[in-house]
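What follows is calculated from the coordinates using simple rules that are stated; it is not laboratory data. Values in this document were obtained by computation on a predicted structure and should not be read as measured data. All Cβ positions, even for glycine, are placed from backbone atoms using ideal geometry, and neighbour counts span all protein chains on display.
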Number of protein chains: 2
Amino acid sequence: MNAIRSSSEDYSELTNANRIEAIQRKLQMSGLDGFVHYQTGRAKENVTIPYLTGVRGLEDSGVIIPASSEPVLLVKDFEESRAKRQSSLADVRGVTTLPIERAIASIGEVFKEKGLAGKRIGIDESELTVEVYNKLLSLGVSIVPFATELISMRMVKTAAEVKRIREAAAIAGAAIEKVRSLVPEGLEERELAAEASNLMQRSGEASFVSVQFGPNASFPHHRGDSTRVRGDGLLVVDLGANVEGYNSDITRTLYVGSPSERHRNIPDVIKLAVSDAIEKVRPGVPVKEVALAARRVIQNSGLPQPRHRIGHGIGLNVHEKPIVEEGFEYVLQAGNVIAIEPGTYLDGDTGSRIEVDLLVTESGAELLDPKSLPLL
Amino acid sequence: MNAIRSSSEDYSELTNANRIEAIQRKLQMSGLDGFVHYQTGRAKENVTIPYLTGVRGLEDSGVIIPASSEPVLLVKDFEESRAKRQSSLADVRGVTTLPIERAIASIGEVFKEKGLAGKRIGIDESELTVEVYNKLLSLGVSIVPFATELISMRMVKTAAEVKRIREAAAIAGAAIEKVRSLVPEGLEERELAAEASNLMQRSGEASFVSVQFGPNASFPHHRGDSTRVRGDGLLVVDLGANVEGYNSDITRTLYVGSPSERHRNIPDVIKLAVSDAIEKVRPGVPVKEVALAARRVIQNSGLPQPRHRIGHGIGLNVHEKPIVEEGFEYVLQAGNVIAIEPGTYLDGDTGSRIEVDLLVTESGAELLDPKSLPLL
């Protein structure tokens with residue numbers, strides 16, 4: 001079981017600045033003297049430093065948050081001016097970060113300056129690599145897991161975070177409508193994907209696009225290839241935009257030509273599964289009940305259950321916690337943003353998936369997908 | 001100092017299949033009984049499992065390589081059919097991977113089946129997270145760093161890897177020519193970026209695009225915004241395509257309108273820095289000598305040195321080892337693929353960078369950039 005503690009604090013009004021204060025309170029309550037993170041490569045998908053500082057795309061960079069003094073962001077020296085403009089932390093220092101030993105030495109100096117040498121330091125063990133961990137240990141501090149606390153904060157979005165996801169959902173909705181308008185042209189899957197991607201990149205940053213037609217729709221992770229979208233069948237379009245680091249994740253099943261009645265009925269079932277799941281969403285409801293509501297509709301239809309999870313949190317990652325599925329002990333609270341994506345797949349025949357993005361509000365759920373975008 | 005051992009073995013003819021045999025030999029020579037990796041999120045930028053199995057985009061998946069029996073790929077059960085089609089490993093198993101404890105239990109079962117319980121197991125500590133590391137330790141095995149061995153293999157590309165990078169370079173070159181052809185239209189930076197991205201996505205997968213005009217070009221990590229590319233100035237276009245996981249990374253500095261003579265001279269210096277660096281590239285040459293050749297040209301011109309590294313390896317990551325810079329003790333060998341990217345930045349005024357992709361051959365260097373793409 002994956003017991004993620006629901007936070008009793010309300011972070012929904014936190015700005016990026018007092019996010020640090022909230023972390024410092026949690027450090028103190030956990031008996032920790034500070035927090036440290038350092039990331040090497042994979043700039044696009046790293047989230048810990050963007051979450052803590054507002055600066056994205058940093059490779060070879062670190063952050064140190066003492067429990068009771070000013071935090072420090074260490075960046076590659078040539079990133080210093082950009083990081084200073086973008087960071088919510090006041091103390092940004094350009095240092096030599098390659099080889100990694102140079103960066104670790106700089107972290108050691110900050111530890112000394114902040115009185116953290118030999119102390120108990122929290123880490124985000126869900127992101128920190130073992131390579132960095134071993135080098136931090138060599139600085140003589142005690143390392144303590146702290147990811148659960150960070151993740152419990154990240155699951156409850158601030159108003160500013162919701163605003164970005166909402167914008168990303170609007171862009172994704174426009175991209176799906178673009179694909180719908182192009183269906184009569186008989187393009188290839190990958191050409192439709194490129195059109196959707198191009199539209200999203202003009203408004204934000206294209207994050208991902210998957211276009212799957214006919215039998216390809218029966219393989220949930222098919223990426224879109226030279227298959228021509230022509231004739232009769234179901235077209236699954238799954239895409240997401242990114243606005244200032246925050247993702248949307250929306251899927252629709254479109255009809256191409258005149259699908260058989262058997263095929264045509266499938267998306268109606270999935271649409272009902274989505275509606276029943278949305279009905280369940282409100283603060284205080286365990287995530288598994290939302291998943292079960294969707295699975296019950298699929299069960300009753302006689303269609304096969306999807307082997308993937310019914311839903312997941314969205315934010316800085318396209319897939320993040322809470323996982324919306326049986327086996328995950330999380331109780332929804334206001335400020336969660338989740339994607340619900342039931343589907344069904346008939347191997348080699350056809351498939352359907354519909355995915356909506358929801359904000360959990362005090363009284364229920366608000367759809368972040370554009371109002372103008374039909375579920376089918 | 002970051003002493004990466006140059007391998008004495010020649011991996012350049014390795015296929016994906018005997019890559020596993022080479023790793024098994026290295027495990028045996030290191031006194032290890034096996035290797036394990038498990039990755040949670042960040043599907044796009046993870047490289048360890050794609051390198052070992054040929055399957056990309058897997059979240060929540062693991063690989064176990066016993067030193068002397070068949071390796072196993074564990075994937076989310078709904079990914080099983082795709083992974084079986086794509087994997088170079090014969091033994092692919094769909095399992096429940098969420099919550100993570102379920103996946104770790106499956107790894108424990110494979111350990112038992114393969115006689116690895118309680119044994120010495122290598123990891124890729126440059127990629128494995130501390131969360132997974134701690135859970136692996138709970139299985140009662142001894143964990144030993146093995147990333148250096150994997151990285152020394154990854155630095156020498158196989159013919160199949162070079163072929164993909166070469167294709168990715170051809171696509172990137174076409175995207176730069178597309179931007180060049182659109183310059184007279186006076187578009188915004190982000191519109192040019194979208195056009196380049198769209199072209200790349202139609203041929204492979206767009207990886208990244210950065211378009212920086214005028215003063216924006218003085219900030220190496222500016223991403224492209226609503227700045228209109230019109231009037232007189234330097235336009236830096238830095239982009240890369242991705243073909244089956246392998247990246248290119250190419251930059252050109254283009255003239256827009258009639259830049260001042262002072263601005264116009266800058267890219268000529270950078271072009272000379274590139275040429276002098278290329279001259280140095282051949283097996284047996286320390287990477288720092290390549291970097292110093294480029295820096296010497298910039299030094300002599302009186303322009304400021306770039307604060308970023310002069311070059312880096314490319315492959316499954318856009319930036320990987322070897323780092324081409326002073327302070328890195330790596331001696332080039334045939335099969336390395338490196339990007340050389342000298343630049344110079346005059347804060348708030350202008351900037352220039354030129355980047356080429358090179359294969360180190362037995363006798364020197366082969367440019368992977370399209371022959372038709374001028375350096376300026």
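Once you keep just the Cα pairs under 8 angstrom separated by 6 or more residues, what percentage relative contact order results for the range A:284-347?
Taking the mean separation of contacting Cα pairs over the length of the range A:284-347, I get 44 percent.
Select from B:PRO286, B:PRO66, B:PRO259 the residue whose mean-square fluctuation is largest in a Gaussian network model of chain B (Cα-Cα springs shorter than 10 Å).
With Cα springs under 10 Å in chain B, the top fluctuation among B:PRO286, B:PRO66, B:PRO259 is at B:PRO259.
Tell me, what ³J(HN,Hα) does each residue in the range B:25-33 have, in order and in whole Hz, if you take phi through Karplus 6.51 cos²θ - 1.76 cosθ + 1.60 with θ = phi - 60° and put x for Gly and Pro?
With coefficients 6.51, -1.76 and 1.60, one gets 4, 5, 4, 4, 5, 8, x, 9, 9 Hz.
When DSSP assigns beta bridges and you keep just the ones with both residues in the protein assembly as shown, what percent turn out antiparallel, to the nearest 5?
80
Could you give the size of the charge dipole of the protein assembly as shown about its Cα centre, using +1 on the Cβ of each K and R and -1 on the Cβ of each D and E, expressed in debye and rounded to the nearest 20?
200
One decimal, nm, shortest first: give the distances between the label point of A:LYS119 and those of the same position in the other copies, each label point 7 Å from Cα along Cα→Cβ.
Once sorted, the set of distances for A:LYS119 reads 4.4 nm.
From the label point of B:ASN265, set 7 Å from Cα along Cα→Cβ, how far away are the matching label points in the other copies, in nm, ordered shortest to longest?
Distances to the matching label points in the other copies: 7.9 nm.
Please give the calculated 222 nm ellipticity per residue for chain A, where each DSSP H segment of at least 4 residues contributes -39500 (n - 2.57) and the sum is spread over every residue; nearest 500 deg cm²/dmol?
-11000 deg cm²/dmol
For Cα pairs less than 8 Å apart in space and 6+ apart in sequence, what is the mean separation divided by the residue count of chain B, i.e. the relative contact order in percent?
This gives 15 percent for chain B.
Amide H neighbours of B:PHE208 under 5 Å, at least 5 residues apart or on other chains, H built in the peptide plane: list them.
B:GLY240
Quick one: helix B:287-301 against the long Cα principal axis of chain B, what's the angle to the nearest 10°, folded into 0 to 90?
20
Which whole-Hz ³J(HN,Hα) couplings does the range A:145-160 yield from phi under the Karplus relation 6.51 cos²θ - 1.76 cosθ + 1.60, θ = phi - 60°, glycine and proline marked x?
x, 9, 4, 4, 5, 5, 5, 5, 6, 4, 6, 9, 7, 7, 4, 5
Straight distance only, please: which aspartates and glutamates reach the Cα of A:LYS114 with their own Cα at less than 14 Å, same-chain residues fewer than 8 apart left out?
A:ASP33, A:GLU70, A:ASP91
So what's the angle, to the nearest 10 degrees on a 0 to 90 scale, between helix A:100-113 and the longest Cα principal axis of chain A?
60
With respect to the cross-link table entries B:LYS163/B:LYS288; B:LYS163/B:LYS280; A:LYS84/B:LYS321; A:LYS157/A:LYS178; A:LYS26/A:LYS271; A:LYS135/B:LYS271, which display a Cα-Cα separation exceeding 32 Å?
A:LYS26/A:LYS271; A:LYS135/B:LYS271
Could you give the longest part of chain B that holds none of the trypsin sites (Lys or Arg not before Pro) found in DSSP loops with at most 14 neighbouring Cβ atoms within 10 Å?
With trypsin sites (Lys or Arg not before Pro) excluded where exposed in loops, chain B gives B:6-370 as its longest stretch.
Rg/Rh for the range B:159-367 to two decimals, with Rh computed the Kirkwood way over all alpha-carbon pairs.
With Rg and the Kirkwood Rh in hand, the quotient comes to 0.96.
Run through all the Cα pairs of the range B:16-154 and give the fraction in each 5 Å bin from 0, expressed as whole percent.
2, 11, 23, 26, 24, 12, 2, 0
In nm, one decimal, shortest first: how far is the label point of B:ALA159 (7 Å from Cα along Cα to beta carbon) from the matching points in the other copies?
6.3
For chain A, what log10 I(q)/I(0) values come out of the Debye formula at q = 0.07, 0.14 1/Å, with one point per alpha carbon and no solvent?
Scattering profile of chain A, log10 relative to I(0): -0.35, -1.12.
Specify whether the C-alpha gyration tensor of the protein assembly as shown places it in the rounded, prolate or oblate class, a ≥ b ≥ c being the square roots of the eigenvalues: rounded for a/c under 1.5, otherwise prolate if a/b is larger than b/c and oblate if not.
rounded
What relative contact order, as a whole-number percentage, does the range B:16-154 give when Cα pairs under 8 Å and 6 or more residues apart are counted?
Taking the mean separation of contacting Cα pairs over the length of the range B:16-154, I get 24 percent.
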